[in-house]
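What follows is a single structure, written as structure tokens, with notes after it.
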Protein chains: 2
Amino acid sequence: MDFDPDGSIDHAGPVPPYRQLAGILAARVGRGDWQPNRAIPSEAHLVQEYGVARATVRRSIAVLVDQGVLFVVPQRGTYVKGPALP
Amino acid sequence: MDFDPDGSIDHAGPVPPYRQLAGILAARVGRGDWQPNRAIPSEAHLVQEYGVARATVRRSIAVLVDQGVLFVVPQRGTYVKGPALP
DNA sequence: GCCTATTTGTACGTATGTATT
DNA sequence: TAATACATACGTACAAATAGG
């Protein structure tokens with residue numbers, strides 16, 4: 001576990017914030033906080049919630065997109081990947 | 001062709017600079033400007049040469065790493081991918 | 001061993017563009 | 001028309017690892 005599942009970012013420790021946040025967001029997906037094929041909060045919202053720069057939020061999201069956890073629809077939002085819609 | 005092979009970045013056109021630069025760098029590799037398993041110029045050098053921000057250079061490099069054209073050795077440099085060394 | 005320069009890694013803030021609602 | 005949301009780009013700063021003298 002290289003992140004705090006409760007959701008606070010440690011700006012001092014050895015794990016970079018973008019990886020902590022990726023872990024936190026992945027945990028929220030796993031916990032069902034956000035449902036498949038539904039948008040997660042906007043980048044601006046995550047900036048406010050976690051106290052990091054937008055570039056850091058975007059980098060975290062990029063990690064999860066790469067892992068197949070999320071997908072991004074430009075100008076729409078970032079979504080939780082789930083089974084194909086019928 | 002969505003970039004200028006001669007190497008100038010168009011900051012006005014529809015193709016984002018990071019993709020133009022990725023194309024330019026790939027062309028230089030293809031042309032043999034830089035040899036396999038040899039370092040390309042540093043990020044700072046490319047910033048100077050092409051008049052873009054370092055973030056843009058890094059993004060261009062990331063594209064080419066993703067395409068298998070380059071690879072990065074942290075704290076050492078960015079290299080042209082080539083056949084495995086004997 | 002020590003200091004310095006080089007190079008990539010990470011993060012911040014800000015601004016503008018584009019598409020959708 | 002205006003607000004929202006992601007895309008791109010700029011500049012700046014500091015950290016960490018490496019290499020050389």
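We did not get these values from a lab; they are worked out from the coordinates using the rules stated. For clarity, every value in this text was computed on a predicted model and none was experimentally measured. Here the Cβ positions follow ideal geometry from the backbone for every residue, glycine too, while neighbour counts run over all protein chains shown.
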> Taking B:Val72 and the conditions (1) within 10 Å of the chain's Cα centre (by Cα); (2) more than 9 Å from DNA strand D (Cβ to nearest atom); (3) of a type in the set (A, V, I, L, M), which numbered condition does it fall short on, given that it satisfies the others?
Replying inline: (1)
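Kindly indicate which of A:Val57, A:Val47, A:Val73 is near DNA strand C (Cβ under 10 Å from one of its atoms), without any contact (Cβ under 8 Å) to a residue 40 or more places away in the chain and in contact with a Lys or Arg (Cβ under 7 Å, 6 or more places away or on another chain). I'd like the intermediate steps shown before the answer.
On the way: A:Val57 fails: in contact with a Lys or Arg (Cβ under 7 Å, 6 or more places away or on another chain); A:Val73 fails: in contact with a Lys or Arg (Cβ under 7 Å, 6 or more places away or on another chain).
The unique qualifying residue is A:Val47.
Please verify whether B:Ser8 is assigned to a loop (DSSP other than H, G, I, E, B), among the hydroxyl-bearing types (Ser, Thr, Tyr) and within 16 Å of DNA strand D (Cβ to nearest atom), treating the condition exactly as stated.
Values: assigned to a loop (DSSP other than H, G, I, E, B): yes; among the hydroxyl-bearing types (Ser, Thr, Tyr): yes; within 16 Å of DNA strand D (Cβ to nearest atom): yes.
For B:Ser8, the condition - assigned to a loop (DSSP other than H, G, I, E, B), among the hydroxyl-bearing types (Ser, Thr, Tyr) and within 16 Å of DNA strand D (Cβ to nearest atom) - is met.
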>> Can you tell me which residue is farthest from B:Leu70 (Cα to Cα) among those in segment B:9-47 that are loosely packed, with under 12 Cβ neighbours inside 10 Å and not charged (D, E, K, R)?
In response: B:Ala12
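Out of all the residues in segment A:8-25, is one or more more than 14 Å from DNA strand C (Cβ to nearest atom) and either without any contact (Cβ under 8 Å) to a residue 60 or more places away in the chain or among the small types (Gly, Ala, Ser) (or both)?
Going through segment A:8-25, the residues more than 14 Å from DNA strand C (Cβ to nearest atom) turn out to be none.
Within segment A:8-25, none of the residues are more than 14 Å from DNA strand C (Cβ to nearest atom) and either without any contact (Cβ under 8 Å) to a residue 60 or more places away in the chain or among the small types (Gly, Ala, Ser) (or both).
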> Just checking, which of B:Ala27, B:Ala53, B:Ala62 is within 10 Å of the chain's Cα centre (by Cα), under 23 Å from A:Arg58 (Cβ atoms) and of a type in the set (Gly, Ala, Ser)?
Replying inline: B:Ala62
>> Every residue in segment A:49-65 that is outside any helix (DSSP H, G or I) and within 13 Å of another protein chain (Cβ to nearest Cβ), please.
In response: A:Ala53
> Going by the conditions given, is A:Ser42 of a type in the set (Ser, Thr, Tyr), in contact (Cβ under 8 Å) with a residue 40 or more places away in the chain, more than 14 Å from chain B (Cβ to nearest Cβ) and out of contact with any strand residue (DSSP E or B) (no Cβ under 6 Å at 6 or more places or on another chain)?
Replying inline: no
> Looking at (1) more than 13 Å from DNA strand C (Cβ to nearest atom); (2) part of a helix (DSSP H, G or I), which is the one condition that is false for B:Gly68?
Replying inline: (2)
